[in-house]
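See below for the structure under consideration.
A short reminder: the numbers here are calculations on the coordinates, not readings from a lab. Computed from a predicted structure; not experimentally measured. Reconstructed Cβ throughout: ideal geometry from the backbone, glycine too, with neighbour counts over all protein chains shown.
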Amino acid sequence: MRMRLMRGNEAVVVGALLAHCEAFFGYPITPANEISEGAAKLFPLAGRTFVQAESEVAAINMVFGASSAGARCLTGSSGPGISLKMEGISYLACAELPAVIADICRVGPGLGNIYPSQGDYNQLVKGGGHGEYRVIVLAPNSAQEMCDFTIRAFDLADRYRTPVFVFTDGCVGQMMEPVHLPDLPPKPEPKPWALIPGAETNSNLVTSIFLEASEMESIILKLQAKYADIARDEVLCETYRTEDAEIVLVGFGIVSRVLRSVVEEARSEGLRVGLLRPQTLFPFPTEQIRELSERARSILVVELNNGQMVEDVRLAVAERCPVEFYGKMGGELPAIDDILARLRALMVEA
Amino acid sequence: MAKKTLQKPKAFQDVFTRKSRDQKTTHYCPGCGHGIAHKLIAEAMSDLGLQDRSTIVAPVGCSIFLYYYFDCRSLSVPHGRGPAAMTGISRVRPDTISISYQGDGDLAAIGTSEIIHSANRGENIAVFFINNAIYGMTGGQMAPTTPLEMRTTTSPRGRASETEGFPIAVCELISTLRAPVYVERVSLDTPANILGARRAIRKALQAQADRKGFTLVEILSPCPTQWRVDPTKTGEWIRENMHPIFKPGVYRDVLAETPSRPRPERREMSDGEMYALLGIDENATIRALPTGCEDFHLAYRFAGFGGQGVILLGMLLAQAGMASGYQVTWLPSYGPEMRGGTANSSVVLSTRAIGSPMVAETDVLVAMNGPSLEKFLPTVAPGGCVLYDSDPIETPPAAPDGVHLYPVPARDIAQQAGEARAANVVMLGVYAAIGDLFEEEVLADALRKAFAAKKGAVEANRRALAAGADYARSHFPCPAPDRPGVMVK
């Protein structure tokens with residue numbers, strides 16, 4: 001049985017090693033430390049590179065360098081650290097370099113606190129850094145998915161030559177669950193564009209500066225075409241008991257697990273409630289939500305923030321049904337009873 | 001007499017094909033020092049046979065397009081981040097000749113952190129630092145290396161030390177570090193000194209090829225355009241304004257006594273080795289759930305002072321739960337509350353998929369000290385049970401209705417079992433006896449996994465586990481008569 005109990009953060013490191021990740025560069029921050037610590041312990045033993053960088057900025061630029069040299073690489077952080085990395089992420093996106101970045105989100109603007117949050121949704125899903133780029137954002141809700149999605153992230157990053165986020169909250173990062181380790185994925189394809197020594201690569205250039213307006217525009221348009229492909233082909237979401245649901249709950253990450261319990265409780269009261277859980281936030285499951293909105297009486301979005309994903313849900317629903325929001329901020333998870341109360345009220349209103 | 005042919009270095013492009021137009025002219029101003037520095041580097045690359053291995057940083061600044069001219073790999077980096085990016089490259093592709101070409105704003109202002117730390121780590125990179133005392137590309141603003149009293153567009157009344165500080169002397173700063181192997185400042189003010197610069201650049205690149213570590217050559221370089229100085233007079237300008245504050249010379253050279261570093265070898269691991277490294281026990285099995293346990297859901301809280309092992313206690317239970325076939329989650333309290341204050345961990349054991357791992361209502365509370373008992377007792381659900389260490393907690397608070405209290409002198413029992421620190425494992429033994437959820441071998445295996453690294457600890461903890469179970473059997477009805485896992489009423 002290839003199964004072990006591990007923390008979500010540890011599962012990212014394990015997934016990265018299985019995915020042939022060659023290097024980790026990071027800076028300590030709670031609640032993401034187990035990623036750096038796990039990489040420090042395991043990467044050198046597996047013949048991979050580990051460097052504790054002097055700053056978040058240096059860490060993402062080490063990723064930038066190592067990725068330009070064709071290596072699969074990983075960094076991890078949390079809110080404030082991700083803000084610092086945004087410059088480098090914008091460069092990665094424009095230079096079309098693959099990279100995997102884990103954001104174990106903590107609470108609040110500023111220093112905030114270290115408890116679970118989803119306040120980085122806009123920062124990640126809408127870009128965050130300067131210019132016209134997107135990043136793929138995967139949203140695991142268990143230690144198992146932290147491992148599986150990290151492996152998937154490396155695959156997507158290489159396939160689309162783009163940075164990919166594994167985005168979760170402090171709770172999923174810190175919690176331990178059994179993780180079944182998958183078979184080792186195949187080794188990545190060689191990257192002929194990479195800055196690897198050799199006479200045949202002398203002309204290789206990795207850059208994000210294009211002075212001619214028309215050339216720059218064609219580069220930006222090329223990026224947008226890539227994002228359109230991603231939006232068409234890479235959406236992942238999970239539904240639970242939505243077939244006959246009058247109210248559809250929408251939540252990702254740890255919230256989706258609370259919502260699953262809510263659905264069970266509500267069903268035991270005879271309320272027809274279902275759940276849609278986006279597993280990718282960019283691309284967003286717009287189609288799937290639109291479809292449900294044609295049948296549902298209303299949609300209730302629950303997030304650990306001030307209402308960020310709800311805007312994307314509203315765009316998808318386009319007023320076909322009411323979209324309500326329930327947010328929890330500060331570090332506590334929403335209580336099942338509070339959401340149930342909200343559901344009962346909605347049933348009366350709807 | 002042999003005929004000598006003068007030609008451009010091989011590492012320079014014949015035609016600037018990386019440029020979209022004007023492919024035969026450079027973008028540098030007449031009299032600019034970058035062209036000289038480029039030529040010296042390209043020549044060294046060619047002569048030392050390093051062209052096919054070199055990757056050069058294209059920094060933010062006038063030299064941002066240096067890849068128009070160099071015929072080798074190039075990486076255009078964010079402002080100041082060259083040494084970090086090169087750290088990444090040289091670590092994963094150690095055969096690369098990693099060159100970080102940087103200007104004064106790039107290296108000595110926005111990239112100060114990156115240069116100091118890559119130097120301090122002794123990264124195997126060569127840094128060529130072009131110091132021309134001004135921001136060229138952005139139009140003549142003050143640089144960290146601008147001399148005092150010099151007028152620039154952002155020091156229009158002249159640089160004043162009171163408000164703008166003093167010019168930063170980079171070689172002096174870097175040579176205070178122990179890791180760099182070679183640090184020299186050269187000047188492009190005269191043909192003789194340009195030959196000196198040529199020698200220094202070759203030395204740095206040779207050190208790279210020899211895997212000696214971090215080298216930095218600072219090059220005092222003319223910028224007639226932004227200095228507003230006639231290109232023929234820039235040598236004088238450098239001597240007059242720069243040499244007094246940036247004295248040319250060798251600041252550190254330990255190349256002769258520094259051995260070449262071994263090239264890191266990438267070791268291929270077999271699948272089996274990889275899974276073993278990741279802590280997979282291929283022989284481990286997951287048991288089928290015992291009869292009578294087909295449908296239940298229990299929430300545990302283990303709480304105490306930091307150091308009492310409540311985090312580990314939760315892990316042991318989660319490990320035993322997983323091996324017994326249950327769904328499990330384990331969640332620690334984390335962050336500042338762990339330092340000095342109380343610590344706790346929550347475990348959920350279930351026959352169903354577990355929703356939130358956060359425990360609001362507790363079925364089983366194990367409290368190792370008074371504050372923890374007080375804090376979490378109100379969260380225990382009717383029908384739940386509380387195990388507490390009766391050594392520090394002599395008079396427990398009144399239990400909520402339907403909650404059963406189990407006083408256990410855990411520390412005493414642990415001491416008698418010969419492992420004073422194992423009060424947590426004693427509690428696990430007590431719970432195992434009353435809860436009757438786990439086979440003995442499963443618990444023993446959890447202890448083996450948890451204490452594998454500590455010699456003798458497995459045996460000591462097994463004794464503590466057995467002592468706890470013995471105590472439970474002699475003081476409480478075991479197993480609990482009603483629901484598995486929880487003693488009710």
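Taking every DSSP beta bridge that has both ends in the protein assembly as shown, the antiparallel portion is near 35%. DSSP assigns beta bridges within segment A:3-233; of those with both partners inside it, close to 25 percent run antiparallel. Our summary of shape: the Cα atoms of chain B have principal axis extents of 106, 55, 46 Å, ordered from largest down, in whole angstrom. Dividing the Cα radius of gyration of chain A by 2.2 N^0.38 Å, with N the residue count, gives 1.01.
Helix content alone sets the calculated 222 nm mean residue ellipticity of the protein assembly as shown: runs of n ≥ 4 DSSP H residues at -39500 (n - 2.57) each, divided across all residues, give -10500 deg cm²/dmol.
For the listed peptides B:342-348, A:327-333, a ranking on the average number of other beta carbons within 10 Å per residue, highest first, reads B:342-348, A:327-333. A cut-off under 14 angstrom between Cβ atoms defines the neighbours of residue B:238, and their net charge, with Lys, Arg +1 and Asp, Glu -1, is -2. Across segment A:3-233, C-alpha contacts under 8 Å between residues 6 or more apart give a mean separation that, scaled by the residue count, equals a relative contact order of 25 percent. Over what distance in Å are the Cα centres of segment B:50-116 and segment A:146-178 separated? Centre-to-centre distance over Cα atoms comes out at 30 Å. Shielding by partners for peptide A:92-98, expressed as the average number of C-beta atoms from other protein chains within 10 Å of each residue's C-beta, is 1. From most to least packed by mean Cβ count within 10 Å, the peptides B:301-307, B:146-152 give B:301-307, B:146-152. Pairs of Cα atoms in the protein assembly as shown fall into 10 Å distance bins, from 0 up to the last occupied one, in shares of 2, 12, 19, 20, 17, 13, 9, 5, 2, 0, 0, 0 percent.
The value of relative contact order for segment B:34-253, using C-alpha pairs under 8 Å at least six residues apart, is 20 percent.
Using only Cα coordinates, the Kirkwood hydrodynamic radius of segment A:237-349 works out to 13.6 Å.
Which entries in B:203/B:233; A:126/A:222; A:41/B:203; B:39/B:233 show an alpha-carbon gap greater than 27 Å? Intermediate values should be presented prior to the final figure.
Numbers: B:203/B:233 29 Å; A:126/A:222 18 Å; A:41/B:203 37 Å; B:39/B:233 21 Å.
Table pairs above 27 Å Cα-Cα are B:203/B:233; A:41/B:203.
Computed 3J(HN,Hα) for segment A:39-49, one whole-Hz value per residue from the Karplus formula 6.51 cos²θ - 1.76 cosθ + 1.60 where θ = phi - 60°, is 5, 4, 6, 8, 4, x, 5, 9, x, 10, 9, glycine and proline marked x.
Our summary gives segment B:287-475 a relative contact order of 20 percent, counting only alpha carbon pairs under 8 angstrom and 6 or more residues apart.
Note on B:343-352: average number of Cβ atoms from other chains within 10 Å of each residue's Cβ is 1.
If you place +1 on the Cβ of every Lys and Arg and -1 on the Cβ of every Asp and Glu, how big does the dipole about the Cα centre of the protein assembly as shown come out, in debye to the nearest 20? Don't skip to the end; give the middle numbers.
Values: 83 positive and 95 negative charges, 619 e Å.
Roughly 2980 debye for the protein assembly as shown.
Per-peptide packing, taken as the mean over residues of other Cβ atoms within 10 Å, places B:16-24, A:123-131, A:80-88 in the sequence A:80-88, A:123-131, B:16-24 from highest down.
Distance between the modelled labels on residue A:2 and residue A:52, one decimal in nanometres: 3.2 nm (7 Å Cα→Cβ projection). Summary of the geometry: segment A:275-344 and segment B:130-154, compared by the centres of their Cα atoms, lie 54 Å apart.
Could you tell me the distance between the Cα centroids of segment A:24-90 and segment A:91-106, to the nearest Å? Going from one Cα centre to the other spans 10 Å. Put simply, the convex hull of the Cα atoms in segment B:258-410 casts, on average, a shadow of 14.9 nm². Taking the DSSP bridge list for segment B:7-101 and keeping only pairs wholly inside it, about 10 percent are antiparallel. Between rounded, prolate and oblate, where does segment A:103-149 land on the alpha carbon gyration tensor, with a ≥ b ≥ c its root eigenvalues, rounded for a/c under 1.5, else prolate if a/b exceeds b/c? Verdict is oblate for segment A:103-149. With a 10 Å cut-off around each Cβ of B:276-284, the average count of Cβ atoms from other chains is 5.
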